[in-house]
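Asker: Supplied in structure tokens, the structure appears directly below.
The values are calculated or read from the model by the stated rules, or taken from the named source; none is laboratory data. Predicted, not measured: the structure shown is a model, and the values here were computed from it.
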Amino acid sequence: MAQTIHSGILRKLIAVSLVLGSSSVHAQNCAQMSPGPLRRQCAAANHPGFEARLERCKDEARSMGLTKSAGDPAIKEYVQSCMHRR
């Protein structure tokens, strides 16, 4: 009897966790997520042109001569501002 109760509760907990989902990709606001690959995946899923715009901004930065170098945030800052203005 106790085994049946425990398995019933376990099934309900599993069902609830599946319904609610554990992935943060389903968050309504991607900006609330911590920076990283999941946040980027969320933005790409919600905004179809995100990846193309990101690549265009990176290309613009490279054409201006900005490069990734340790301690120099120039390319990162340029790409962020480019993403916001377009």
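Asker: In region 58-73, how many are assigned to a helix (DSSP H, G or I) and either closer than 20 Å to C30 by Cα or modelled with pLDDT under 90 (or both)?
Answerer: Residues flagged as assigned to a helix (DSSP H, G or I) and either closer than 20 Å to C30 by Cα or modelled with pLDDT under 90 (or both) within region 58-73 amount to 0.
Asker: Among residues belonging to region 1-37 that are within 19 Å of V79 (Cα to Cα) and not in a loop (DSSP other than H, G, I, E, B), point out the one that is modelled with the highest pLDDT.
Answerer: Across region 1-37, the extreme among qualifying residues is P37.
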